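*Asks:* Before I ask anything, let me first share the structure, which is written out below as structure tokens.
The values are calculated or read from the model by the stated rules, or taken from the named source; none is laboratory data. Just so it is clear, the model here is predicted, and its values are computed rather than measured. When we count neighbours, we look across all protein chains shown, and the Cβ atoms used for this are built from the backbone with ideal geometry, even at glycine. Note: accessible area is taken over every heavy atom of the protein model, side chains too, but ligands, DNA and RNA are not part of it. Shrake-Rupley method; radii C 1.70, N 1.55, O 1.52, S 1.80 Å.
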Amino acid sequence: MVEGFDAFSRNVVDVLLGGLMGVVGLLPESIAEPFQYAFMQRALLTAIVVGATCGLLSCFIVLKRWSLLGDAISHAVLPGVAIAYLVGWPFFIGAFITGALTSLGIGAIERHTRLKADAAMGVMFTAAFAIGVVIISQIASSTHLMHILFGNVLGVQPAALLLTIIAGLIAVAAVALFYKELLLYTFDPVQTRALGFHSGRIHYGLILLLTLTIVASLETVGIILVVAMLATPGATAHLLTDRLPVMLAIAIGVGVFSAIIGLYLAYYFNLASGGSIVVVASTLFLLALVFSPRHGLLRRWFRDAAIRRAH
Amino acid sequence: MAANPAPYQSAQADSAVSVSGLTAAYDGAPVLDNVSFELGAGQWHTVIGPNGSGKTTLLTILAGSLTPVRGDVKLFGGDPEACRRRSEVAYMPQHENLEWDFPISVWDTVMTGRYGHMRRDALWRRFLPARLSADRHREICARALAEVRMDHLARRPIGQLSGGQKKRVLLARMLTQEAPLVLLDEPLVGLDKDSRRLILDVLRRQRERGQTIVMVTHDLVNTMKYADQVLLLNRSVIDIGPPAEMLRDDMLTRTAAPNWLTQTPAADEEDA
């Protein structure tokens, strides 16, 4: 069955890559040059999908103040990866199971005990991470562990790429169909309940979506850095606009742009791909922080100076 | 002002809110203890009590975002969750409890009051973004904004509004819901005279059209002037009755509510 899926995903991915390369072929040859290699083509498609999905979700993460939760889930994924490796499953599935269990556990502790979210996360995700480290120290080679922790987009296989694409499509479809519910729940949870929406379902639905996205991003940026892709694009966009649809668009743009440029840097300078993608995203954030027309530091500095002069 | 829609139908039931044996707690500390009362439909009720007396807790239970430890709540004689799912309960929070940094415009904020109704739109329409929804929703939204005189600021991000404007936006959001029961948590606090006047006028019109109003407030002057019934609350029900009887000094002392004399005269001068 696994081999059947491998063959199927190779076909699907080939079709998608054909389309993508049609676009890349229009670019000047100097830019398109790295993409004559199949591994670079797959890396480009993965990077675009992951950048877009993370960017989309990051808006809700930032507005809901859930950046730490992203961190927690990404760490909690490790034991699942290790166990899947032991049993011989695709590690995508193991990661999703432990990530989802841990995040549901955090949500349950937060809702039903006196512990606050940060304590619940601190306990749950370090415990899960520790279990993962213990298992991995028994079984896997250190290069494999490094790839899980820091990602290696240049080594993505067709099966993993197809799963990433499916996860991305699910995330986009969920946000599109339940946009009103997500907006309402991130903006005003009490109103959500007063209107008779099931806020519990929206809450756990958003957490599962987050888990799905994290797992899908594992091979690209890795466990440690995925939280950056779930916070930075949203934070950057939040500095640049006061409208949610625009914020979603900017965050997706930041995610995709960082992924592509990071990939180039990784190729030409032989850098770790996950790290270079996040460095590009952080640079964009820094630019927005300083130069944003309405919420940037420069603007604030000029405004304060004007007020001081006026008095 | 545009013609008002039909008056509220749900006044078929005599009681809008019926609560018995309600007990609620945060982290094990009791906030409401064995509270029982009934609020008639189509009337203006105010809930009065000192800080920490469980007024906001009571409203959040009615709005469905807090589950009581014990006790029974009925809205219009039926299941409260079913009422909420029919958008029959509107809630206006204290504005400190909202995230005003949220990237959303005045118009979109007010539109969220229609989300419950949009959920009942036919088939695929319920999944449409608010801006593509039926004209009816947008007309109601525009009328509500005009009614609170915020239509000229419809495109403004909510973060740039003043305190009084924020209250008016929340009031407009509440209006768009066209709910037979509205719950208001201190809608008058910290407002200038004009905004205060405007909110009271809107509520008075809604009351005339048959809407049931449950308002938590410290404002005794306007309670005296507008309320049909006053609920004195301090963790349990002290008493319930018409304002003339409830707002006597001995009753207020029993409730430990702020006294007439501690009211700031400036804020009430125009309404008195």
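*Asks:* Over the protein assembly as shown, how many percent of alpha carbon pairs lie in each 20 Å bin up to the one with the longest distance?
*Replies:* Result returned by the calculation: 19, 44, 29, 9, 0.
*Asks:* Taking R0 as 56 Å, what FRET efficiency do you get between A:PHE269 and B:ARG204 from their Cβ-Cβ distance, rounded to the nearest 0.05?
*Replies:* 0.20
*Asks:* Something else about it: Of A:ALA272, A:THR186, A:ALA167, which is farthest along the charge dipole of segment A:39-310 in the positive direction, counting Lys and Arg as +1 and Asp and Glu as -1 at C-beta?
*Replies:* A:THR186
*Asks:* Same structure again: In nm, to one decimal, how far is the A:ALA310 label point from the A:LEU104 one, both placed 7 Å along Cα→Cβ?
*Replies:* Label at A:ALA310, label at A:LEU104, 5.6 nm between them.
*Asks:* Cross-link candidates for B:LYS74: which lysines have Cα within less than 24 Å, leaving aside residues fewer than 8 places away along the same chain?
*Replies:* Correct list for B:LYS74: B:LYS55.
*Asks:* I've got another one for you. Please list A:HIS311, A:HIS75, A:HIS112 from largest to smallest accessible area, probe radius 1.4 Å, with all protein chains kept in place.
*Replies:* If we order A:HIS311, A:HIS75, A:HIS112 from most to least accessible, we get A:HIS311, A:HIS112, A:HIS75.
*Asks:* Under the 0.36 nm per residue contour assumption, what length would be gained going from the current alpha-carbon distance of A:ALA176 and A:VAL246 to full extension?
*Replies:* Full extension of this stretch gives 23.8 nm more.
*Asks:* Can you give the relative contact order of segment A:196-311 as a percent, counting alpha carbon pairs under 8 Å and 6+ residues apart? Kindly include the intermediate steps, with their values, before the conclusion.
*Replies:* Values: 99 pairs, mean separation 27.1, N = 116.
The value is 23 percent.
*Asks:* What is the spin-label model distance, in nm, from A:PHE302 to B:LEU123 if the labels are put 7 Å beyond Cα along the C-beta direction?
*Replies:* About 5.2 nm, to one decimal.
*Asks:* Would you kindly state how much longer the chain becomes between B:SER20 and B:ARG155 on full extension, computed as 0.36 nm times their sequence separation minus their alpha carbon distance, in nm to one decimal?
*Replies:* 44.2 nm
*Asks:* Another question, then. Write down the Å³ per residue value for the convex hull defined by the alpha carbon atoms of chain B.
*Replies:* Cα convex hull per residue, to the nearest whole number: 137 Å³.
*Asks:* Another question, if that's okay. Total Å² of accessible surface buried at the A-B contact, 1.4 Å probe, nearest 100?
*Replies:* So the buried area, both faces added, is about 3000 Å².
*Asks:* Given the protein chains as shown and a 1.4 Å probe, how many square angstrom of A:ILE93 are accessible, to the nearest 10?
*Replies:* The accessible area comes out at roughly 80 Å².
*Asks:* Turning to a different aspect of this structure: Place +1 on the Cβ of every Lys and Arg and -1 on the Cβ of every Asp and Glu in the protein assembly as shown, take the dipole about the Cα centre, and give the residue among A:ALA310, A:LEU263, A:SER217 whose Cα lies farthest towards its positive end.
*Replies:* A:ALA310
*Asks:* Binned at 10 Å from 0, what are the whole-percent values of the Cα-Cα distance distribution for segment A:39-310, short to long?
*Replies:* 7, 29, 34, 21, 7, 2, 0, 0
*Asks:* May I ask you to rank B:LYS225, A:LYS64, A:LYS116 by accessible area, largest first, using a 1.4 Å probe over the protein chains only?
*Replies:* A:LYS116, B:LYS225, A:LYS64
*Asks:* At 222 nm, what helix-only mean residue ellipticity would chain B give, in deg cm²/dmol to the nearest 500, using -39500 (n - 2.57) for each DSSP H run of four or more?
*Replies:* Numbers: 11 runs with 91 residues, N = 272.
Theoretical 222 nm ellipticity from helices: -9000 deg cm²/dmol.
*Asks:* So, one more: Calculate, for segment A:93-164, the solvent-accessible area per residue in square angstrom, rolling a 1.4 angstrom probe over the heavy atoms of the protein chains.
*Replies:* Numbers: 3660 Å² over 72 residues.
Result: 51 Å² of accessible area for each residue.
*Asks:* In addition: Roughly how many percent of the accessible protein surface of segment A:39-310 is carbon and sulfur, given a 1.4 Å probe and a whole-percent answer? Each step should come with its number before you reach the end.
*Replies:* Working: 8070 of 11150 Å².
Here it works out to 72 percent.
*Asks:* Rg(Cα) of segment B:98-178 divided by 2.2 N^0.38 Å?
*Replies:* 1.06
*Asks:* Compute the relative contact order of chain A as a whole-number percentage, counting only Cα pairs closer than 8 Å that sit 6 or more residues apart in sequence. Before the final figure, lay out the partial values.
*Replies:* Details: 449 pairs, mean separation 83.9, N = 311.
In percent, rounded to a whole number, it is 27.
*Asks:* When the dipole is taken about the Cα centre of chain B, and only Lys, Arg (+1) and Asp, Glu (-1) are charged at their Cβ, what size is it in debye, to the nearest 20?
*Replies:* Magnitude of the dipole: close to 1140 debye.
*Asks:* Sort B:ASP108, B:ASP228, B:ASP194 by heavy-atom solvent-accessible area, probe 1.4 angstrom, most to least.
*Replies:* Ranking B:ASP108, B:ASP228, B:ASP194 by accessible area, largest first, yields B:ASP194, B:ASP228, B:ASP108.
*Asks:* Counting DSSP beta bridges with both partners in the protein assembly as shown, what percentage is antiparallel, nearest 5?
*Replies:* About 55 percent, rounded to the nearest 5.
*Asks:* A follow-up question, please. What's the long-distance tail for segment B:175-218, i.e. % of Cα pairs beyond 14 Å?
*Replies:* Tail fraction, whole percent: 49.
*Asks:* If r is the Cβ-Cβ distance from A:MET146 to A:THR113 and R0 is 30 Å, what FRET efficiency results, to the nearest 0.05?
*Replies:* 0.25
*Asks:* Mean residue ellipticity at 222 nm from the helices of chain A, using -39,500 (n - 2.57) per DSSP H segment of n ≥ 4 over the full residue count, to the nearest 500 deg cm²/dmol?
*Replies:* -29000 deg cm²/dmol
*Asks:* Might you tell me the accessible area per residue for segment A:194-311, computed with a 1.4 Å probe and given in Å²?
*Replies:* I get 43 Å² per residue for segment A:194-311.
*Asks:* Continuing with this model, one more query. At B:THR67 and B:SER162, where each label point lies 7 Å from the Cα along Cα→Cβ, what is the point-to-point distance in nanometres?
*Replies:* Reported label-point gap for B:THR67 and B:SER162 is 4.4 nm.
*Asks:* To continue, here is another question. Output the antiparallel fraction of DSSP beta bridges having both residues in chain B, as a percent to the nearest 5.
*Replies:* 55
*Asks:* Can you give the relative contact order of segment B:98-178 as a percent, counting alpha carbon pairs under 8 Å and 6+ residues apart? All intermediate terms of the calculation are to be shown ahead of the outcome.
*Replies:* Numbers: 85 pairs, mean separation 40.5, N = 81.
Relative contact order of segment B:98-178: 50 percent.
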